[in-house]
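Read-outs: derived from the displayed coordinates by stated rules, not from any lab. Treat the numbers as computed from the prediction; the structure is a model and nothing was measured. Here Cβ is always computed from backbone atoms with ideal geometry, including for glycine, and neighbour counts include all displayed protein chains.
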Amino acid sequence: MSEPKVKDLMIPISEYVTVPVDASLFDAVATLRQARQSFDQDKDNPRAILVLDKVGAVTGKLSQWDIIRGLEPKYNEIGHIQGISQLGFTSDFIRSQVKKYGLWEHPLGDLCKKAARIKVKDIMYKPGQGEYVIEDAGIDEAVHQMIVGHHQSLLVLRGKEIVGILRLSDVCRVVCDMIMACPA
């Protein structure tokens, strides 16, 4: 059996959940909800949104983390928390940060009411250089990038154009199928 290529597993941009960069968080969540209601049962439920600029090019991603983090604007005062979050802080330290920065002082329901005023461009994640993979790469290369970078997905390139997204859930499904195809 030949190893699948990234292009064999990616979801083309045209089939993925997208919103314009100037959309509100409310609009983005509504778009994601609608996509989840009509998703293909053979694929995993969509969990993220690609953000498109005015010419339709991918400019960022909006993950589940970004949606929830975006409700609490005070996270911006802390700086880049994604990199430090994997350092293994104690629950006491985390609680002290919530108190120090005044995080979640307002009830979650009140914060959710503000979603229509939050702009996707202000809370989206802009992928770094290690989050792109070429469409002709083997899955092993993509797996390595995902593991080393701890990424849930990679943007797929054809030349310099982003043409799709490769999700960890889709890669894992294929890897599990390959494991089951091997004799014990």
> Going by how many other Cβ atoms sit within 10 Å of their own, how do ILE94, ILE118 line up, fewest first?
Replying inline: ILE94, ILE118
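Return MET178, MET124 ranked ascending by Cβ neighbour count within 10 Å, so the fewest neighbours appear first. Walk me through the numbers before you get to the answer.
On the way: MET178 13, MET124 24.
Going from least to most buried by this count: MET178, MET124.
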>> Out of all DSSP beta bridges in region 102-184, what portion is antiparallel? Express it as a percent rounded to 5.
In response: 65
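If the only charges are +1 at each Lys and Arg Cβ and -1 at each Asp and Glu Cβ, what is the size of the charge dipole of region 108-169 around the Cα centre, to the nearest 20 debye? Before the final figure, lay out each step's value.
Values: 9 positive and 8 negative charges, 123 e Å.
Around 600 debye, computed over region 108-169.
Please state the shape class of region 88-133: rounded when a/c is under 1.5, otherwise prolate if a/b exceeds b/c and oblate if not, all from the C-alpha gyration tensor. Intermediate results must be reported in sequence, preceding the final value.
Working: a/c = 3.44, a/b = 1.18, b/c = 2.92.
Oblate, since a/c reaches 1.5 and b/c is not below a/b.
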>> I need the peptides 100-110, 62-72, 167-177 ranked by packing, meaning the mean over residues of other C-beta atoms within 10 angstrom, with the highest value on top.
In response: 62-72, 167-177, 100-110
> Which whole-number percentage describes the relative contact order of the chain, with Cα contacts under 8 Å and a sequence gap of 6 or more?
Replying inline: 31
> Is the shape of the chain rounded, prolate or oblate, going by the alpha carbon gyration tensor and its root eigenvalues a ≥ b ≥ c, with a/c under 1.5 for rounded and a/b larger than b/c for prolate?
Replying inline: prolate
